[in-house]
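Undergrad: One structure follows; several queries about it will come next.
The values are calculated or read from the model by the stated rules, or taken from the named source; none is laboratory data. The shown structure was predicted, so the numbers you read here are calculated from the model rather than taken from an experiment. Cβ: placed from backbone, ideal geometry, glycine included. Neighbour counts: every protein chain shown. What goes into the accessible areas is simple: the full protein's heavy atoms, side chains included, and nothing from ligands, DNA or RNA. Shrake-Rupley method; radii C 1.70, N 1.55, O 1.52, S 1.80 Å.
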Amino acid sequence: MRTRMIATAAIAAAFVMVPAGSALAGSGPAPAPSERSASKSVAPTPKGNPLSLKAQASDVCEDAYQIGKTAYVKRDGATIASVKQFYSPECKENYSYVWLWQSFVDKEDTYTISTGVYSYTQGKKLGTQDFPLDKGQEYWSTGTDTVEDCTAAAGSVVPHGDPAKYTAITDKRC
């Protein structure tokens, strides 16, 4: 009985040491740029890495992070790509990001990708980049001056030899 009381007291003491205001994943403000970019690689990722070589080639600011929900490009019921919207507080820009799923990349020789930020406020797609007959996996739009606008990221995939365009648009962010 005494052992059980000591064990209970030890567990209770451990919980007291955990701060009551601990943040959960996805809660609170975005981390400071120095906290996000420290020790990150330049490798592309499905989540989107603003430090990747392709992101840097599109002038994506290093502090950019995803806002809103991910949208999915489907082809005959199968997911072939993810579309995400990113925001940079430092540069005050929005970006669109398209990531092709490995199962799609493995099956197709080439494809044309388009990515851009749709401004509901301006009624047009901005920062659009087209990648014709490509074989990559990661695609970024250029930055858009749309932080004050209602926006969504848009991405489309056209497999070579397929007359259809497969598209997804993220949720509207204002």
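Undergrad: Looking only at residues that are among the hydroxyl-bearing types (Ser, Thr, Tyr) and touching a residue at least 40 places away in the same chain (Cβ under 8 Å) in segment 100-127, which one is most open to solvent (accessible area, probe 1.4 Å)?
TA: TYR120
Undergrad: Among (1) under 13 Å from THR170 (Cβ atoms); (2) assigned to a loop (DSSP other than H, G, I, E, B), which single condition is THR121 missing?
TA: With respect to (1) under 13 Å from THR170 (Cβ atoms); (2) assigned to a loop (DSSP other than H, G, I, E, B), THR121 is out only on (1).
This table checks each residue for (1) within 9 Å of the chain's Cα centre (by Cα); (2) in contact (Cβ under 8 Å) with a residue 12 or more places away in the chain.
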position: SER41; (1), (2): no, no
position: PRO44; (1), (2): no, yes
position: SER58; (1), (2): no, yes
position: ASP63; (1), (2): no, yes
position: ILE80; (1), (2): no, yes
position: VAL83; (1), (2): yes, yes
position: VAL98; (1), (2): yes, yes
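Undergrad: Within segment 159-169, can you find the residues that are within 16 Å of GLN137 (Cβ to Cβ) and outside any strand (DSSP E or B)?
TA: Answer for segment 159-169, where residues must be within 16 Å of GLN137 (Cβ to Cβ) and outside any strand (DSSP E or B): just HIS160.
Undergrad: Considering segment 128-158 alone, what residues qualify as being assigned to a loop (DSSP other than H, G, I, E, B) and either modelled with pLDDT under 95 or open to solvent by less than 40 Å² (accessible area, probe 1.4 Å) (or both)? Break it down into steps so the answer makes sense when it comes.
TA: Filtering segment 128-158 for residues assigned to a loop (DSSP other than H, G, I, E, B) gives 135-137, 141-143, 145-150.
Residues satisfying the conditions are GLY136, SER141, GLY143, THR146, ASP149, CYS150.
Undergrad: Can you say whether LYS74 is surrounded by 21 or more Cβ atoms within 10 Å (Cβ to Cβ) and among the basic types (Lys, Arg), as far as the supplied structure shows? Before you say what the answer is, go through the steps one by one.
TA: Numbers: surrounded by 21 or more Cβ atoms within 10 Å (Cβ to Cβ): no; among the basic types (Lys, Arg): yes.
No: the conditions fail for LYS74.
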